[in-house]
Amino acid sequence: MLWLYLHFPQLQLDGLLAQSAPLPPTIIVSDKQHVVVQLNDAARQLGVKIGMGLGAAAAMSTSLSVYEFKVDHEQQRVEELAQWLYLDTADIHISAPCGLLLKVSNMLSLYPNLTHYLETIQARLLPQNVQYHYGLGHSPLAAQLLAQAGYDKIDEDKASLFAAVGKLPIDALTLNTRQKQQLLRVGIKSVQALLDIPLVELGRRFDTELVQYVGRLQGKLHHPVEFYQPTETFQRDLILLFELENLTYLTKPLYTLLLQLEAFLKLRDKLTLEIVLTLVQRDAESLCLKVGSAQGEYRAKKWQELCQLMLERTQLSAPLQAITLRVDEFCESHNQNEDLFSEPIGTMTHAGLLSLLRAKLGEQAVYGVTVLPDARPEYATSRCEPSVQALHSSFTENKASLLRPNFLLAQIQPLHDKVTLLQGPERISTGWWDGHNIERDYFIAQDEQLRRLWVFRDRQQRWFVHGIFS
Amino acid sequence: MANLIDFLQHQNLVWHGTGNAPLSQRLVEKQSSGYDALDACLEGGFPMPGIVDIQCQLGMGEVALLIPFIRAQTRLCVMINPPANVNAHALKHQNIATELIWVLSISEPNNALWAAEQCLKSGVCSSVLLWHQALQVHQVKRLMLSAQTGQSLCCLLRENRVQVGSLPVSLSMQLSPRSEGLNIKVTKLKGGWAKPQITLAWSLLWPQLITHSESERSGQVLPFASTARR
């Protein structure tokens, strides 16, 4: 069985590099020992090396920018890459913390040869802007060792691959220090020397853990791997190079995230109705913005427009450090049943207009009105979700129509002006079942400015204005 | 021959079928307002696309005047910042599909104009009713362009005020109530002549509303007169 291992040595640094090309000398230090774990070329030229302490590295230059190493960030990135590679290859195992193990043998029936397969994988990784080393092997461990050693060669031959593994020093093995020391003490310096010893002999001198390890390295013992199942959510984080105080500068970083979303959705032929944008602020609560599109959308450009409207209304309470784009739900794209021949007027649909208005003005600002079956005028009409369906139904003529004012006052107001009654009374006495019982005699009245008002007299003979015949 | 046609085209002497022109350049159509007297006065009805400036006080039938027009449309009618709650019940009894009504309440005046513009040019709205008091010439021009893009009608409803200069609207009307009906004075009609004032009887605006004076004039007070007439 043939395996391909992809090793990503500097994922966190790659994330920073992707944001701007000329990066100042940058190092990433581990959080506990403060040892340099990743560095860019500019830092390397200054003489900084991996494994150096933070103090020593800082002494090399004053302009060194230092970031803390974040394991969970790298793990998440590896998962994203797995999701991305899943388009080309089926069996992916996420090898913590920063590697991917691909099972090649099964996939070779879909690709003409190994070279072509590898080229496809490499082309897929190219837009992700990550540095990686790869290694092939006939056991998962062998592939991993070669990749971590930076083998980077296409070779299918079992013997030559094992010979390459054999050349590695004992230090390259992923064993603990005690086991490595044990091996060195008995004079085993290279992997080849270790592999030469039969497993039975090895079992006599060393513990079973090491025997298991060597067996798995040779492919003689079973190596359990768990294959990756792609999640059906989309989440991307972006740590900003600089803290932002002005949200207009967020346009570009946000667009890169939206482009990734577009690619994600396009490949699945899905749309999404809502994206969640989390703005991580320094020493303050993260802001969570929900941007909706009523008709479903995948295009980065459209989302950008909607986000822009949302961001215009947003106030930051502290400088912005990172952003997260998250999409949980997807929907199918639905065909719009529109006439092919009639010339379209304008460019929008109902849902498109609704999402545009809501992004700028807020959810509450746009609403529809609907009729409820209630005799009390204030309950007979209510706000509702605006309809986004184009209406084609023929409206049936309603014969027994009542005369009602087009506008109702939000609050019933006492009647002070002198009015002439034109029509009435119409008694509405109902609502005894829910505590809001009314008993009113409604009249249509005309005041001195000849305005038509809808007034009523309650049981206590008090007069109120309820509506306006506008 | 080709030269000649070019020459004539250059002189604007060749009539192009308006059906082939893009929508934005098509001639303004007149859409019936639903009132014969008003249609005659406006030479066919409301201009579409266009901007209708209605100057009136609240509560004299300015919305009722537009109701037959709204009823005839199959696209949306958006009401922006109406002065009170829109009564769906009333609309339903005037045979208007409430699904076609969107209401926008926006506190910021500039946002209201922005929203009006978006609705007008979207193509899904046939009319936008905008309650807005102070409008500038350039704002009206922008609304006009949007209305042309979306083939829609924008009604500006504002109170009677002395406006410095005139706004570039397609139609401007002043409404004032009289005891017998609603007096309409057309102060501006693009491409039309000055018109005498007309008065729409109240019974046309609200057919169900029978005032006492009317019934007295007709000489007989029948308790079920209104239903019989309908």
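The values are calculated or read from the model by the stated rules, or taken from the named source; none is laboratory data. This one's a predicted model, so the numbers in the text were calculated from it and none came from an experiment. Positions of Cβ are generated from backbone atoms using ideal geometry, with glycine treated the same way; all protein chains shown enter the neighbour counts.
A few notes on this one:
- Looking at A:R358, A:R452, A:R462, just one residue is of a type in the set (K, R), closer than 18 Å to B:A90 by Cα and not assigned by TED's automatic domain parsing to the domain that holds A:L311, and that residue is A:R452.
- Candidate set from the range B:77-90 (those that are within 18 Å of the chain's Cα centre (by Cα) and within 7 Å of chain A (Cβ to nearest Cβ)); member that is surrounded by the fewest Cβ atoms within 10 Å (Cβ to Cβ): B:P83
- The listed residue being buried (at least 17 other Cβ atoms within 10 Å of the Cβ), within 56 Å of the chain's Cα centre (by Cα) and part of a strand (DSSP E or B), out of A:L453, A:L356, A:L422: A:L453
- Residue check for B:L65: away from every other protein chain (no Cβ under 11 Å) and either assigned to a helix (DSSP H, G or I) or within 9 Å of the chain's Cα centre (by Cα) (or both): no
- Unique match (being charged (D, E, K, R) and under 58 Å from the mean Cα position of the chain (by Cα)) among A:D434, A:D417: A:D434
- Filtered residues of the range B:105-120 (kept if buried (at least 24 other Cβ atoms within 10 Å of the Cβ) and at the interface with another protein chain (Cβ under 8 Å from one of its Cβ atoms)): B:A115, B:C119
- Among (1) without any contact (Cβ under 8 Å) to a residue 40 or more places away in the chain; (2) more than 13 Å from chain A (Cβ to nearest Cβ), the one test that B:L167 misses: (1)
- Test: residue in the range A:439-453 that is among the β-branched types (V, I, T) and more than 7 Å from chain B (Cβ to nearest Cβ): no
- Residue within the range A:112-126 that is assigned to a loop (DSSP other than H, G, I, E, B), modelled with pLDDT of 85 or more and under 22 Å from A:G15 (Cβ atoms) present: no
- Against the test of being more than 7 Å from every other protein chain (Cβ to nearest Cβ), assigned to a loop (DSSP other than H, G, I, E, B) and at pLDDT below 85, the options A:S387, A:S394 yield a single qualifying residue, A:S394.
- The range A:89-111, residues that are over 14 Å from A:I154 (Cβ atoms) and either part of a helix (DSSP H, G or I) or more than 27 Å from the chain's Cα centre (by Cα) (or both): A:K103, A:S105, A:N106, A:M107, A:S109, A:L110
- Count of residues meeting criterion [aliphatic (A, V, I, L, M), outside any loop (DSSP other than H, G, I, E, B) and either under 20 Å from B:Q31 (Cα atoms) or modelled with pLDDT of 90 or more (or both)] in the range B:176-195: 3
- Exactly one residue out of B:S146, B:S122, B:S152, B:S127 is among the small types (G, A, S) and under 22 Å from A:T381 (Cβ atoms): that is B:S127.
- Only one entry of B:L204, B:L222 meets the criterion of being among the hydrophobic types (A, V, I, L, M, F, W, C) and either modelled with pLDDT of 85 or more or more than 25 Å from B:G59 (Cβ to Cβ) (or both), and that entry is B:L222.
- Checking each residue in the range A:91-114 for being farther than 13 Å from A:L2 by Cβ and in contact (Cβ under 8 Å) with a residue 12 or more places away in the chain picks out A:I92, A:H93, A:I94, A:S95, A:A96, A:P97, A:C98, A:G99, A:L100.
- Annotation note: of A:A380, A:A375, the sole residue that is facing another protein chain (nearest Cβ under 9 Å) and within 21 Å of B:A84 (Cβ to Cβ) is A:A380.
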